[in-house]
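The values are calculated or read from the model by the stated rules, or taken from the named source; none is laboratory data. Here the structure is a predicted model, which means the values were calculated and not measured. No Cβ is skipped: glycine too gets one built from the backbone with ideal geometry, and neighbour counts run over all protein chains shown.
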Amino acid sequence: MWLFTLALPVATVTWTVTHEEILQEAREYCIAHTQRGSIIRRKFFYGLTCEYCFSHYVTAVFLWLTSYRLLLDDWRGYVIAFFALTAIANVFISLFARVRVDLKSERLDIAVKEEAIASSEGTKGS
């Protein structure tokens, strides 16, 4: 249960940082820095813009905050939890992305239908 519960905030933080408007300027700054500088600098900034890469950083922070371990009570439990939590969080991110695409598609379909109805009503009134 902990695995799936912790994966939700990891996915939420990851999605917000890598996709939402509120952090667009910071994301654009990082994207600009992926194009120039040393390879280490470029890869560091790329890791802040890629949802898969960034989810690893967020997972590490959540593991540090919660001391969550999976299956084993020593350092190996942290390693297993790190990869399992990252995997589940990325499944949640993929599901969320799919839902957003479906919602956007439905909104566009509705807008097209409303426009067609409005234009047909305008034609009838002429």
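Structure values in brief
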read-out	value
Condition met for Gln35 (out of contact with any Leu (no Cβ under 7 Å at 6 or more places or on another chain), of a type in the set (S, T, N, Q) and in a helix (DSSP H, G or I))	no
Answer from Thr49, Thr14 - the residue that is without any contact (Cβ under 8 Å) to a residue 40 or more places away in the chain, polar (S, T, N, Q) and surrounded by 15 or more Cβ atoms within 10 Å (Cβ to Cβ)	Thr49
Neighbours by Cβ (under 7 Å, 6+ apart or cross-chain): first from region 17-41, farther than 18 Å from Val58 by Cβ; second assigned to a helix (DSSP H, G or I) and of a type in the set (Phe, Trp, Tyr)	His33/Phe45; Thr34/Phe45; Thr34/Tyr46
Test set (1) modelled with pLDDT under 90; (2) closer than 24 Å to Leu3 by Cα - Ser119 fails condition number	(2)
Test: residue in region 39-47 that is in a helix (DSSP H, G or I), in contact with a Gly (Cβ under 7 Å, 6 or more places away or on another chain) and not acidic (Asp, Glu)	no
Qualifying residue in region 100-118 (condition: free of Cβ contacts under 8 Å to residues at least 12 places away in the same chain, in contact with a Lys or Arg (Cβ under 9 Å, 6 or more places away or on another chain), surrounded by 10 or more Cβ atoms within 10 Å (Cβ to Cβ) and within 27 Å of Phe62 (Cβ to Cβ))	no
The lone exception for Tyr52 - which of (1) assigned to a helix (DSSP H, G or I); (2) more than 30 Å from Glu25 (Cα to Cα) it fails	(2)
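Here is a yes/no grid of residues against (1) assigned to a helix (DSSP H, G or I); (2) touching a helix residue (DSSP H, G or I) at 6+ places or on another chain (Cβ under 8 Å); (3) of a type outside the set (Gly, Ala, Ser):
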{"residue": "Leu6", "(1), (2), (3)": "yes, yes, yes"}
{"residue": "Ile22", "(1), (2), (3)": "yes, yes, yes"}
{"residue": "Tyr29", "(1), (2), (3)": "yes, no, yes"}
{"residue": "Ala87", "(1), (2), (3)": "yes, no, no"}
